[in-house]
1. Going Cα to Cα from residue 27, which aspartates and glutamates come in below 20 Å? Please leave out same-chain ones fewer than 8 positions away.
2. Considering only 127, 30, 54, give the residue with the highest GNM mean-square fluctuation for the chain, with springs between Cα atoms whenever their separation is below 10 Å.
3. In whole Å, largest first, what are the principal axis extents of the Cα atoms in the chain?
4. Full-extension gain between residue 20 and residue 8, please, as 0.36 nm times their residue separation minus the C-alpha to C-alpha distance.
5. Sorted by packing (mean other beta-carbon atoms within 10 Å per residue), highest first, where do 67-74, 87-94 land?
6. Starting from the Cα of residue 116, step 7 Å toward the Cβ, then list every residue of segment 57-94 with an amide N under 19 Å from that point.
7. What residue among 122, 12, 52 has the largest mean-square fluctuation in a Gaussian network model of the chain, using Cα springs under 10 Å?
8. Using a Förster distance of 25 angstrom, determine the FRET efficiency expected from the C-beta separation of residue 91 and residue 136, and round it to 0.05.
Amino acid sequence: MTIKVRVLSPLKFIGDFKAEEVVLPGKTGQIGALKRHTGLYTALDTGLVRLKCQSKWVPIIVCGGFAEISYNRIVVLAYETEELKDISREEAEEELERASLAFINMEISEGKTLFDLSIDLKKATAQLRAINYLSLNIL
């Protein structure tokens, strides 16, 4: 038996999936869901949604939002989604390093706030995690 998962944002329908297991980036930590999960609503942080579909993990980067989990269905309403970039692990590590330094040094420029820098850091972290997981086929 699988969980029906729908992922969408206001600008884009990401897809419908049938997953054996789902891991969501909750505001207070990761939330794992299996079939027949008890119902709940939760806020999502910027991070990686991981879907185990046919024994392979599918990563989706979301930038906040909400999730509704019910018996065998999950709906993820993301504020925004990020495309998995076709870059190497080294490039992703460099991007994470840039985002980390910008956040540490509070390089607020080009109309960016400290909040924007923290989101950039979370996106870069999620991107690197997705690349690592896809290369190892683990999540």
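Please treat every number below as a calculation from the coordinates, not as lab data. For clarity, every value in this text was computed on a predicted model and none was experimentally measured. Note that each Cβ is placed from the backbone with ideal geometry, even for glycine, and that neighbours are counted across all protein chains shown.
1. 45, 68, 80, 82, 116, 120
2. Residue with maximal mean-square fluctuation among 127, 30, 54: 54.
3. 48, 30, 26
4. 2.4 nm
5. Going from most to least packed, we get 67-74, 87-94.
6. Only 63-64, 79-83 pass the distance filter.
7. Comparing 122, 12, 52 in the GNM, the peak value goes to 12.
8. 0.90
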